[in-house]
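Please read the structure below before turning to the comments.
The values are calculated or read from the model by the stated rules, or taken from the named source; none is laboratory data. On a predicted model such as this, the values are computed, not experimentally measured, just so you know. Note that we place each Cβ from the backbone using ideal geometry, even for glycine, and neighbour counts take in every protein chain shown. For accessibility, only protein heavy atoms count, side chains too; no ligands or nucleic acids. Shrake-Rupley method; radii C 1.70, N 1.55, O 1.52, S 1.80 Å.
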Amino acid sequence: MELFFNPFDNLICILLGISFTVWFTLLLVFIIVPAIFGVSFGIRRLYMKSLLKIFEWATLRIERGAKEKDYHLYKPYSNAIIAKEPTSLEEEIKEIRRSGSNRDLDSASEFEMSDIFYFARRGVESIMDDEVTKRFSAEELESWNLLTRSNNNFHYISLRLTVLWGLGLLIRYGFLLPLRVTLAFTGVGLLVFLTSVVGLLPNGKMKNFLSEKVHLMCYRICVRALTAIITYHDSENKPKNGGICVANHTSPIDVIILASDGCYAMVGQIHGGLMGVIQRSMVKACPHVWFERSEVKDRHLVAKRLSDHVEDKSKLPILIFPEGTCINNTSVMMFKKGSFEIGATVYPVAIKYDPRFGDAFWNSSKFGMVNYLLRMMSSWAIVCSVWYLPPMSREEGEDAVQFANRVKAAIARQGGLVDLLWDGGLKRGKVKDTFKEEQQKLYSKMLVGTQEDRSRS
């Protein structure tokens, strides 16, 4: 019996050995070695162009099938649900009073019951077209990218379209996902091992040089684990030592996207588990800024640590995402002022993802990190553009909040994003009382101003 099965077992072992050898040879030649030298064979861009043609055909097929079967396709709102004109509180209330009364506005009392319609309408508009909450959900697509998670019109259209979707499912989960998981473990493993080795060297130019090369190589391998196709613009404005790089925040992979084109000093809270192992190994090779959980809320301590870092021009630029949370790639929300109080040169960076190939937004209230990474690695690709904006400094008489808003506006304008004043903390918290008080002050000011004008006349 053993003699009968031995040749078969040997054949299986030989085939498995050949498969693994071919697999890792392809990884080494086409992915890992190009990542080390920062070159590309153009395979990913050819892959992207091919996908676009397939997506266009699938979308046209869905529209034609819907027309033949006479049913309505869901179309996302490209703009807001409610058309709003940029008018002030005083102008709108005057218009309400004018339409509801024939009396002269100058002789009207300080308060009219009709004024409440302005606030009631604003409340209903906020419920129907909430410009804050919808920033924390996935961006809607007008075309289908062969992912059921991104298409509200997914149902049987034709045999060819169903076969194409099934083939795409097989490719994504049978080939791309195992490849990407292998690359991710390779990149993270090399990062931990090599930064630990570099950390044993004495401080100096050689250690800094090797640390930079190791970080770039490992991050580029991790980028390839997502089949990320990144276009960098205006590289002459890349952040320099002693500065602070600030960017809009869509996903945890924003760090990998930026760090694959340049080295940064990371800022964050110390974690346990695998993340803690990575943090401890990275800080051995490069002076990153990690905080204990008890130190994070101490604003003065955080500001001092950051200030000490940027004053040393030999240290890498700090990478910070001032929004403090992930936004869904359609807008930029309020920047926390802490990083703008230091007085260092700020290097703004705008990041814009193309959702047609895969949604990079991390909805942390809906998906855990492992689930999110699985969705990323089972998408077609991650395609994005990165713009390095000219460095900006705080102007005379400008406070930290005004400086933060100016930088945010520049990032939003370059990335084609909506510039919002709302705090991203509303993702998990309630509206602050100051926002309500601001509306009350505007209304009070209008009434007081009307009364003063009448007393003068």
Q: Collect the residues in the stretch 403-412 that are open to solvent by 10 Å² or more (accessible area, probe 1.4 Å) and either more than 12 Å from ASN248 (Cα to Cα) or under 16 Å from the mean Cα position of the chain (by Cα) (or both), keeping them in residue-number order.
A: ASN405, ARG406
Q) Has the stretch 332-341 got any residue that is of a type in the set (Phe, Trp, Tyr), farther than 21 Å from LEU190 by Cβ and open to solvent by less than 30 Å² (accessible area, probe 1.4 Å)? A) yes
Q. Pick from LEU15, LEU28, LEU46, LEU51: which is surrounded by 15 or more Cβ atoms within 10 Å (Cβ to Cβ) and at pLDDT 70 or above?
A. LEU51
Q: Might you check whether a residue that is touching a residue at least 60 places away in the same chain (Cβ under 8 Å) and surrounded by 13 or more Cβ atoms within 10 Å (Cβ to Cβ) occurs anywhere in the stretch 302-314?
A: yes
Q: Name the single residue, out of those in the stretch 275-316 being of a type outside the set (D, E, K, R) and assigned to a loop (DSSP other than H, G, I, E, B), that is modelled with the lowest pLDDT.
A: VAL296
**Q.** Filter pass, VAL198 being more than 13 Å from SER378 (Cα to Cα), at pLDDT 85 or above, over 24 Å from the mean Cα position of the chain (by Cα) and among the aliphatic types (A, V, I, L, M)
**A.** yes
Q. Somewhere in the stretch 234-243, is a residue under 25 Å from ALA184 (Cα atoms), within 23 Å of the chain's Cα centre (by Cα) and open to solvent by less than 10 Å² (accessible area, probe 1.4 Å)?
A. no
Q.
Please go through the stretch 356-397 and give me each residue that is assigned to a loop (DSSP other than H, G, I, E, B), touching a strand residue (DSSP E or B) at 6+ places or on another chain (Cβ under 9 Å) and farther than 22 Å from GLU236 by Cα, ordered by number.
A. ARG356, PHE357, GLY358, ASP359, ALA360, PHE361, ALA381
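Table: residues versus (1) crowded, with 17+ Cβ neighbours inside 10 Å; (2) in a loop (DSSP other than H, G, I, E, B); (3) in contact with a strand residue (DSSP E or B) (Cβ under 9 Å, 6 or more places away or on another chain).
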{"site": "MET206", "(1), (2), (3)": "no, no, no"}
{"site": "GLU212", "(1), (2), (3)": "no, no, no"}
{"site": "THR231", "(1), (2), (3)": "no, no, yes"}
{"site": "SER251", "(1), (2), (3)": "yes, yes, yes"}
{"site": "ILE257", "(1), (2), (3)": "yes, no, yes"}
**Q.** Single unsatisfied condition, LYS352 versus (1) open to solvent by less than 40 Å² (accessible area, probe 1.4 Å); (2) touching a Gly at 6+ places or on another chain (Cβ under 9 Å)
**A.** (1)
Q. Does GLY174 count as farther than 18 Å from TYR264 by Cα and open to solvent by less than 20 Å² (accessible area, probe 1.4 Å)?
A. no
Q. If ASN79 passes every condition in (1) modelled with pLDDT of 70 or more; (2) loosely packed, with under 12 Cβ neighbours inside 10 Å but one, which one does it miss?
A. (1)
